[in-house]
Amino acid sequence: MRWVNRQVGRGGRVLLGAVPILLLLLVYLVLAASRHEANPADKILPLPGAMAESMAALMFVPDQLTGQLVFWADTLASLQRLGIGLGISTLSALVVGLALGALPPVRATFGPLVTGIAVIPPIALLPILFIALGLGETAKVALIVIGIAPVMIRDIAAHVSALPREQIIKAQTLGASSWQVILRVALPQAMPRLLHAMRMALGPGWVFLISAEAIASDVGLGYRIFLVRRYLAMDVIIPYVAWIALLAIAMDVALAALSRRSFPWAHGERH
């Protein structure tokens, strides 16, 4: 059987997916052990014991100044910022994307503006945001929204505008108004795509969040990473990066499960 025709079961996918991860961990352990054998004080590749000790202090020992558990405070702050930014972007993508995709006059008027905003590197706008909005939470959330909302809007608009014209004609033949076409025809078919767009926006959203926290913040996962880097504290940086990856994976899996449960018809070709 040719490889292009081979199908891998769920158990096989888990096993095959775990192999490269385990190999990377093994390579890291070998390199870390060899560096510490040559230099026991090496900070570049900390051993698992050192990382566990550092993280235990951040997770279970209250900070002397704030009284907070630093790790959990950082996680909560970052998730709040990301959640607000992603929520605003999702709502914007749904409303504006439907309008652009279903209404040609609206697309002709505002489509170029959305495209222009989408191609601007959001990081380049960070100084403008901090000057205009200050160094508080608003600027950080605004960076996330500016970074991912235009791309999500364009994706939803393109999906809606590509719906079969026959569906629109049939709805109008049955007496549907433009508003009813949007709600009854476009909206149901846009929802699975919206969840897909959210999944695709998670990676850039985390990038913009970490960037904003690194520049101006006093709590957050990105803030902590850039705070301890001056001390070469890789025993904190590596676990924090791994934790961010786990959070992103968990959010992606949750959105994928929500899409399959809520819109099984959109995944029929995958079963």
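Given the conditions (1) over 23 Å from the mean Cα position of the chain (by Cα); (2) farther than 30 Å from Ala162 by Cα; (3) of a type outside the set (Lys, Arg), which single one is not true for Ala108?
Condition (2) is where Ala108 drops out.
Take Ser262 and tell me if it is open to solvent by 40 Å² or more (accessible area, probe 1.4 Å), touching a residue at least 40 places away in the same chain (Cβ under 8 Å) and of a type outside the set (Phe, Trp, Tyr).
yes
In the stretch 246-259, what residues are under 14 Å from Pro188 (Cα atoms) and either open to solvent by 40 Å² or more (accessible area, probe 1.4 Å) or aliphatic (A, V, I, L, M) (or both)?
Within the stretch 246-259, no residue meets the criteria.
Pairs needed: first member in the stretch 182-208, more than 30 Å from Asp74 (Cα to Cα); second member anywhere, open to solvent by 50 Å² or more (accessible area, probe 1.4 Å) and assigned to a helix (DSSP H, G or I); C-beta distance under 7 Å; at least 6 residues apart or different chains.
The qualifying pairs are Val185/Gln167; Ala190/His159; Arg193/His159.
Checking the condition open to solvent by 60 Å² or more (accessible area, probe 1.4 Å), over 19 Å from Ile238 (Cα atoms) and over 19 Å from the mean Cα position of the chain (by Cα), which residue from Ala99, Ala18, Ala38 passes?
Ala38
Please give the helices (runs of 4 or more DSSP H) falling wholly within the stretch 49-155 in which 3 or more residues are under 24 Å from Leu195 (Cα atoms).
Of the helices (runs of 4 or more DSSP H) lying wholly inside the stretch 49-155, those with at least 3 residues that are under 24 Å from Leu195 (Cα atoms) span 70-102, 104-118.
Scan the stretch 204-218 for residues that are within 23 Å of Ile249 (Cβ to Cβ) and over 13 Å from the mean Cα position of the chain (by Cα) and jot them down.
Correct list: Ser211, Ala212, Glu213, Ala214.
For the stretch 39-83, enumerate the residues that are in contact with a Lys or Arg (Cβ under 9 Å, 6 or more places away or on another chain) and either within 23 Å of Ser211 (Cα to Cα) or at pLDDT 95 or above (or both).
Correct list: Ile44, Leu58, Val70, Phe71, Asp74, Arg81.
Would you point out the residue of the stretch 187-238, among those that are assigned to a helix (DSSP H, G or I) and among the β-branched types (Val, Ile, Thr), that is most open to solvent (accessible area, probe 1.4 Å)?
Checking each candidate, the answer is Ile215.
I'd like to check something: does the stretch 155-166 contain any residue that is touching a Gly at 6+ places or on another chain (Cβ under 7 Å) and hydroxyl-bearing (Ser, Thr, Tyr)?
yes
Test of understanding: among Ala93, Ala32, Ala77, which residue is under 30 Å from Leu183 (Cα atoms) and open to solvent by less than 40 Å² (accessible area, probe 1.4 Å)?
Working: Ala32 fails: under 30 Å from Leu183 (Cα atoms); Ala77 fails: under 30 Å from Leu183 (Cα atoms).
It is Ala93.
The values are calculated or read from the model by the stated rules, or taken from the named source; none is laboratory data. Quick caveat, the model's predicted, so the values are computed rather than measured. Note: ideal-geometry Cβ built from the backbone for every residue, glycine included; neighbour counts use all protein chains shown. The accessibility values were calculated without ligands, DNA or RNA, using every heavy atom of the protein model including side chains. Shrake-Rupley method; radii C 1.70, N 1.55, O 1.52, S 1.80 Å.
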